[in-house]
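Visitor: Structure in structure tokens, see below.
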Amino acid sequence: MIEALRFQLVLPVLGLPGLAMPIGMHEGLPLGVQVVSRRFREDLCLDAGEIIEAHEGPRTPIEPRF
């Protein structure tokens, strides 16, 4: 599990805001996108997340398969 989170875990260490969100499925597996901004610009991540969600639509949780 930690291996899957390695790209997300480095952001707080560097002081960068980040947002990860699901964007769909491919061959039965969930896909996601990660948005990272410069320091103190959380607003840019949230704006990008809002645009992505408006394009993709809200997602409902899925049952993990592992």
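Taken together, the values in this text are just the output of simple stated rules run on the coordinates, not laboratory data. Here the structure is a predicted model, which means the values were calculated and not measured. No Cβ is skipped: glycine too gets one built from the backbone with ideal geometry, and neighbour counts run over all protein chains shown.
Visitor: Treating each Cα of the chain as an identical point scatterer and ignoring solvent, apply the Debye formula and state log10 I(q)/I(0) at q = 0.21 Å⁻¹.
Guide: -0.97
Visitor: Would you work out the relative contact order for the chain, in percent, from Cα pairs under 8 angstrom that are 6 or more residues apart? Show your work: numbers first, answer last.
Guide: Working: 61 pairs, mean separation 17.2, N = 66.
Answer for the chain is 26 percent.
Visitor: Test of understanding: what is the full-extension gain from Leu5 to Ile51, defined as 0.36 nm times their sequence separation minus their Cα-Cα distance? Please list the in-between numbers first.
Guide: Numbers: separation 46, 0.36 × 46 = 16.56 nm, distance 2.36 nm.
Full extension from Leu5 to Ile51 adds 14.2 nm.
Visitor: Now for a separate question. How large is ³J(HN,Hα) for each residue in the stretch 16-26, as worked out from phi by the Karplus curve 6.51 cos²θ - 1.76 cosθ + 1.60 (θ = phi - 60°), to whole Hz, x for Gly and Pro?
Guide: 9, x, x, 9, 10, 8, x, 10, x, 10, 9
Visitor: Please check the chain for the longest run free of trypsin sites (Lys or Arg not before Pro) that are loop-located per DSSP (anything but H, G, I, E, B) and have at most 11 other Cβ atoms within 10 Å. Don't skip to the answer; put the middle values down first.
Guide: Values: sites that count: Arg38, Arg39, Arg65.
Answer - 1-37.
Visitor: Can you show me the helix-derived [θ] at 222 nm for the chain, built from DSSP H runs with n ≥ 4 at -39,500 (n - 2.57) apiece and divided by the number of residues, rounded to the nearest 500.
Guide: Numbers: 2 runs with 28 residues, N = 66.
Only helices count here, giving -13500 deg cm²/dmol.
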